[in-house]
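Heads up: the structure comes next, in structure tokens.
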Amino acid sequence: MAKSSEPWSGRQQRQLSAISEFTTDIQHVAGKDNFVADCLSRAVAGSVHLGLDYATMAVDQNADAEVQAYRTAPTALLMEDVIFDTANATLLCDVSTGQPRPMVPAGWRRKVFDAIHGLSHPGVKASTKLVGAKFVWPGLRRDVRAWAAACVACQRAKVTRHTKAPLAPFKVPERRFDHVNVDLVGPLPPSRGYTYLLTMVDRTTRWPEVVPLSSTTSAEVARAFIMAWVARFGTPSDLSSDRGPQFTSELWTAVAEVLGVKVHRTTAYNPQSNGLCERFHRDMKAALRASLTNCDWADRLPWVMLGLRSAPKEDLQASSAELVYGQPLRVPGEFLPDATAQWSVASHRAVSRDIADAFVPIPTTHHGLPQSYVPKDLPSAKYVFIRHDGHRTPLRPPYDGPFRVLVGGSKNFVVDMGGRPERVAIDRLKPAHVDIGKPFQLAQPPRRGRPPAVASAPALPLALRPSPAKRSRYGRLIRPPLRLLLYTL
């Protein structure tokens with residue numbers, strides 16, 4: 001009872017007991033005597049094994065006259081034979097930088113570049129520095145620059161600068177309602193059973209027509225176009241649309257052929273080609289959003305269309321209604337017209353003809369000065385990459401290709417996509433720099449439709465085929481294992 005307790009807690013006593021089991025005799029063991037632990041303790045993060053056979057490279061150095069000439073050539077390089085393995089094999093290297101850099105023979109240069117550049121696919125400058133820091137050969141910068149620029153994986157995965165061709169003006173027809181642009185809007189919130197809109201805009205007068213639709217089948221769209229446009233303004237000579245399934249269907253093509261209409265389809269992912277409709281959609285949607293108090297946009301659509309048709313346009317110095325009817329439309333809240341004005345059919349016909357004869361088509365104006373950029377080698381490129389403007393997963397390359405160019409142009413290219421000519425906008429293209437000396441494979445377009453049939457497994461021999469399923473008296477399905485079928489009773 002008189003013994004004093006230790007000045008340590010129970011946890012400290014247990015820790016001291018564990019420490020006392022270790023020895024205090026610490027001795028140093030040199031690395032040459034303990035080479036296994038010494039090698040395992042070295043940091044290897046900074047060293048990269050390139051997978052090159054330096055023994056074979058040394059043999060090729062002795063057979064390469066260009067490499068052997070550097071032993072006596074007066075250059076800034078300091079050439080020495082460096083031992084690189086335990087067999088005292090030597091490799092001709094440059095030691096002027098303090099680190100041995102092997103002189104690479106001609107047959108090994110592309111292998112060295114692929115080994116270093118293939119690690120992370122750096123740019124041209126970074127690849128030149130990486131290769132030049134470890135190897136040397138005459139014309140190294142020129143070769144590395146050309147090979148890095150021709151790397152197909154880099155060109156497919158990297159974006160340097162997007163192509164943006166200058167805007168080209170559309171030819172405005174002199175006759176009204178001779179060229180019409182059509183497009184679809186939706187899906188919209190349901191209103192009166194409608195969820196889509198078919199928009200039609202005349203290229204000459206900018207007169208818009210909008211038809212609500214409950215579905216976007218080819219038959220529904222063709223019926224709406226005939227009832228809303230052809231029945232009012234006659235058959236147009238030309239019709240521009242995008243590549244929606246409604247406008248590329250056999251029914252739409254047959255209707256256009258019967259009416260004698262020449263169909264012009266835009267290129268994929270190029271809304272500028274149908275900019276007349278796209279710009280009208282912007283004004284129409286803004287007007288609907290500003291005037292809606294609920295989701296009944298179908299009730300507000302006629303009033304919005306009245307305002308858009310009556311609004312004067314800066315480039316035309318008139319409204320679409322004036323160019324169609326010869327006079328402005330009367331809108332709600334307008335003062336009553338002068339009752340003393342005399343009107344007759346003959347005078348109105350004469351005035352309308354004078355206005356139509358004096359009408360001069362006015363092209364659309366370009367607002368602002370957008371910067372354009374077209375790579376200088378794109379017009380003469382034989383192979384191109386096509387930007388994938390659809391939905392992309394985070395690690396999907398932004399470009400597809402390379403594809404072979406069939407016909408070039410200032411706004412569109414015709415490329416060979418899996419044996420099928422396809423017209424592509426120049427804004428989606430970039431030239432493909434390929435190494436003619438190294439074979440490459442042209443890209444194939446993504447497969448559409450049903451997946452290919454999977455080859456069926458070979459049939460089992462008759463002796464190995466399982467017998468028909470049997471059930472026990474309790475209804476349980478009896479399935480004997482396949483290995484038991486090898487034995488017969």
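Each value in this text was obtained by applying a stated rule to the coordinates, not by laboratory testing. No experiment lies behind these values; they were computed from the predicted model shown. Cβ coordinates were reconstructed from backbone atoms using ideal geometry, including for glycine residues, and neighbour counts include every protein chain displayed.
Here are the numbers for this structure:
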| read-out | value |
| --- | --- |
| For the stretch 54-149: relative contact order, % (alpha-carbon pairs under 8 angstrom, 6 or more apart) | 22 |
| The stretch 78-108-the stretch 236-283 distance, computed between alpha-carbon centres (Å) | 67 |
| Length gained when the stretch residue 238-residue 315 is fully extended (0.36 nm per residue, less Cα-Cα span) | 25.4 nm |
| Pairwise FRET efficiency - residue 22 versus residue 404, Cβ, R0 = 56 Å, nearest 0.05 | 0.15 |
| Additional length obtainable on full extension of the chain from residue 119 to residue 32, 0.36 nm per residue less Cα span | 28.0 nm |
| Net length gained if the chain between residue 305 and residue 380 were fully extended (0.36 nm per residue, minus Cα distance) | 22.3 nm |
| Cα-based shape type of the stretch 54-149, given that a ≥ b ≥ c are square roots of the gyration tensor eigenvalues and the cut on a/c is 1.5 | prolate |
| Pair residue 228, residue 60: separation of 7 Å Cα→Cβ label points (nm) | 6.9 |
| Förster radius 56 Å - calculated FRET efficiency between residue 327 and residue 249, Cβ distance, rounded to 0.05 | 0.90 |
| Order by protection proxy (mean Cβ within 10 Å, highest first), peptides 276-286, 24-34 | 276-286, 24-34 |
| Cα gyration tensor shape for the stretch 374-448, rounded if a/c is under 1.5, else prolate or oblate | rounded |
| Sites residue 149 and residue 171 - FRET efficiency at Förster radius 51 Å, r taken between beta-carbons, to 0.05 | 0.80 |
| Label-point separation, residue 157 to residue 80 (7 Å along Cα→Cβ), nm | 3.8 |
